[in-house]
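Below is one structure, written out as structure tokens, with a few remarks after it.
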Amino acid sequence: MLKWITIMLGIAGAAMGIYVVSTQTTIEDEKAPPPAAPPSVNPFGRGIAASGQIEANSRNISLGAPEAGLVSKVFKKVGETVAPGDPLFEIDGRLLKSELTNAQAALEAAKAQVAVAEARLARMRAMPRPEEVPPQEAAVMRAKASLSDQEKQLSDLVDAGRGMAASPTEIDRRKYARDMASAELIQATASLNLLKAGAWDLDKLVSEAELLQARAGVRQAEAAIEAIQFRLERLTVRSPIQGTVLKSNVEPGQFAATGPSALAPMIVGDISVLRVRARVDEEDAPLLRDGAPGAARVRGISAETIPLTWMWVEPLALPKVDLTGSNIERVDTRVVEVIFKIQGTPKSRLFPGQIVDVYIETAGATPSPTRSGDSPAKN
């Protein structure tokens with residue numbers, strides 16, 4: 001009985017397998033789904049392909065902050081047009097304004113020192129003042145008169161002493177008075193001569209040096225003010241070109257950093273005319289010829305092929321940083337950048353920074369010959 005059951009189960013399994021195989025649709029019969037976007041095809045019979053990037057006619061200019069600090073004002077929004085010199089954003093300058101106030105106070109103090117030094121030097125150069133001489137001459141005359149009076153009194157007293165009418169003590173006192181009058185005359189005469197001689201040349205030189213030092217202090221304070229004012233002016237970042245604000249990465253109150261790795265606060269560019277920067281692998285660079293026509297294909301569902309006009313090629317080869325993601329793409333290579341101008345008005349809306357596929361015609365171009373003994377680059 002078990003034998004027949006086993007045989008029946010085998011027959012049923014075989015019948016089930018035949019049914020499944022006969023009713024299943026083969027992979028070849030299945031219809032492949034259509035691609036999401038038509039594939040890019042080189043429009044030229046002989047041409048090279050490259051990765052390209054849409055950019056503004058002025059290139060996409062990343063504007064940096066002159067100094068790290070808080071953003072106090074943002075004058076322009078994304079999409080607004082700007083003219084050369086228009087303010088874009090401003091860094092907080094309250095600390096610099098405080099320094100400017102201190103520098104202006106220092107300037108006023110330096111100017112006061114200049115005024116004092118100038119007055120001192122002018123006084124020395126004007127010495128003696130005409131109105132100061134007569135009082136000193138009068139002092140000399142008074143001292144002379146006093147000396148004559150003391151000498152006369154002494155003479156009379158000496159004569160009286162001969163007749164025993166004056167004591168020796170009185171005569172000595174009169175002699176002392178005469179000597180004092182003589183000393184006063186010498187002092188008054190010396191003061192008059194000193195006044196008429198004016199200031200010493202050495203004193204004038206010292207005063208002139210003090211004046212020069214004071215004026216140097218004024219210039220130093222003025223230079224400090226100009227430097228602070230220049231820094232204050234730099235805190236307002238202005239547009240260098242006529243163009244459009246393409247990107248704004250700052251808002252009032254945000255911190256704007258500086259340095260190579262810092263994010264650009266704003267990006268501006270002239271998008272009245274768009275260009276394409278094609279990055280040609282160095283293996284294909286020998287096939288480039290000046291003036292070669294090109295075409296750019298916009299990626300996406302509504303792919304469009306846009307004709308390009310050759311503008312120039314930049315002679316410096318750069319490391320390859322923009323990757324297409326192809327599984328046969330080489331990354332250990334360099335690229336040569338070719339600049340094209342977009343012809344006409346494309347149907348598709350283009351944005352600076354957008355990636356496109358670029359094709360460049362190479363008809364008639366021949367690769368550079370390999371020198372004897374050189375080996376070709378390995379792929």
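The values are calculated or read from the model by the stated rules, or taken from the named source; none is laboratory data. A quick note: this is a predicted structure, and the numbers were derived from the prediction, not measured. Every residue, glycine as well, gets a Cβ built from its backbone with ideal geometry; the counts of neighbours run over all protein chains shown.
Where the second residue is among the acidic types (D, E) and assigned to a strand (DSSP E or B) and the first is touching a residue at least 40 places away in the same chain (Cβ under 8 Å) and over 9 Å from T244 (Cβ atoms) and lies in the range 67-86, which pairs have Cβ atoms under 9 Å and are six or more apart or on separate chains?
V71/E90; S72/E90; K73/E90; V74/E90
Considering the range 250-265 alone, what residues qualify as being of a type outside the set (G, A, S) and buried (at least 16 other Cβ atoms within 10 Å of the Cβ)?
Within the range 250-265, V250, P265 meet the criteria.
Which one of these does Q242 not meet: (1) surrounded by 13 or more Cβ atoms within 10 Å (Cβ to Cβ); (2) over 30 Å from L107 (Cα atoms); (3) at pLDDT below 90; (4) not small (G, A, S)?
So the condition that Q242 fails would be (3).
Can you run down the residue pairs with Cβ atoms below 6 Å, 6 or more apart or on separate chains, where the first is in the range 121-134 and surrounded by 12 or more Cβ atoms within 10 Å (Cβ to Cβ) and the partner is modelled with pLDDT of 70 or more and of a type in the set (S, T, N, Q)?
L121/S207; M124/S207
For the range 45-91, name all the residues that are of a type in the set (F, W, Y) and either buried (at least 20 other Cβ atoms within 10 Å of the Cβ) or in a strand (DSSP E or B) (or both). Steps first, please.
The first filter runs over the range 45-91 and keeps only residues of a type in the set (F, W, Y), leaving 75, 89.
F89 - this is the single residue of the range 45-91 that is of a type in the set (F, W, Y) and either buried (at least 20 other Cβ atoms within 10 Å of the Cβ) or in a strand (DSSP E or B) (or both).
Please tell me if R299 is over 20 Å from S272 (Cα atoms), at pLDDT below 90 and charged (D, E, K, R).
Criteria met by R299.
This table checks each residue for (1) of a type in the set (A, V, I, L, M); (2) within 30 Å of E361 (Cβ to Cβ); (3) in a strand (DSSP E or B); (4) out of contact with any Phe, Trp or Tyr (no Cβ under 8 Å at 6 or more places or on another chain).
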residue	(1), (2), (3), (4)
R174	no, no, no, yes
L185	yes, no, no, yes
A227	yes, no, no, yes
I271	yes, yes, no, yes
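Answer yes or no as to whether A105 is over 30 Å from G253 (Cα atoms), at pLDDT 85 or above, loosely packed, with under 12 Cβ neighbours inside 10 Å and under 60 Å from the mean Cα position of the chain (by Cα).
Values: over 30 Å from G253 (Cα atoms): yes; at pLDDT 85 or above: yes; loosely packed, with under 12 Cβ neighbours inside 10 Å: yes; under 60 Å from the mean Cα position of the chain (by Cα): yes.
In short, yes.
Just to be sure before I move on: is P346 at pLDDT below 60, surrounded by 10 or more Cβ atoms within 10 Å (Cβ to Cβ), part of a loop (DSSP other than H, G, I, E, B) and of a type outside the set (S, T, N, Q) in the structure I sent?
Taking the combined requirement at face value, the residue does not satisfy it.
Conditions (1) farther than 30 Å from K97 by Cβ; (2) at pLDDT below 75, marked per residue:
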{"position": "D156", "(1), (2)": "yes, yes"}
{"position": "L192", "(1), (2)": "yes, yes"}
{"position": "L205", "(1), (2)": "yes, no"}
{"position": "E226", "(1), (2)": "no, no"}
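Restricting to the range 255-288, what's the tally of residues that are within 26 Å of the chain's Cα centre (by Cα) and not charged (D, E, K, R)? Quick ask: steps written out before the conclusion?
From the range 255-288, those within 26 Å of the chain's Cα centre (by Cα) are 255-271; that's our starting set.
Then keep just the ones that are not charged (D, E, K, R); that gives 255-269, 271.
Total meeting the criteria: 16.
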